[in-house]
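Q: Sharing a structure here in structure tokens format.
Only the coordinates and a few stated rules stand behind these numbers; no lab work does. Since we're looking at a predicted model, the values are computed, not measured. Please note: Cβ atoms are built from the backbone with ideal geometry, for glycine as well, and neighbour counts cover all protein chains shown.
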Amino acid sequence: MIRIPKCNLRAKVLVALSLWVCSTNALAGGGLFDDEQKKLILKTTMYYINQKHIQPPVLNDEFSSKVWQKYFDYVDGSHKIFLAEDIESLQQYKTTLDEAIKDNSVNTQEIKD
């Protein structure tokens, strides 16, 4: 389970909203929010984290890898949803989150067999 450090309710809501937007948008085939809405949510979340967080994260490949791992631990902690082949095929995205955040990129790609 992901534990959010002690912070005010607004920060928790922003982080939860951002994760929800990313997850539901990917599952909905990218049609739930338009790109401008997604960019605004990403920009607001990152502003809040960088300005209000006690220890703002350094955006690098290590950060991306940790988020990637924690996300899969949260979504499939019991290892009953994703196959080893699924995780292996998604490894290419493991260190790209920091670049996407820095570029304010909200492009989602469909992953096909």
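Q: Grab the other residues whose beta carbon is less than 14 angstrom from that of residue 103, score K and R as +1, D and E as -1, and report the net.
A: Its environment carries a net charge of +1.
Q: Could I have the simple spin-label model distance between residue 88 and residue 35, label points 7 Å from Cα toward Cβ, reported in nm to one decimal?
A: So the two model labels end up 3.4 nm from each other.
Q: Now a separate question. Ranking request for peptides 52-64, 92-104, 74-86: highest mean number of other beta-carbon atoms within 10 Å first, then the rest in descending order. Present the calculation step by step, with values, prior to reporting the outcome.
A: Numbers: 52-64: 12.5, 92-104: 14.2, 74-86: 9.8.
In descending order of packing, they fall as 92-104, 52-64, 74-86.
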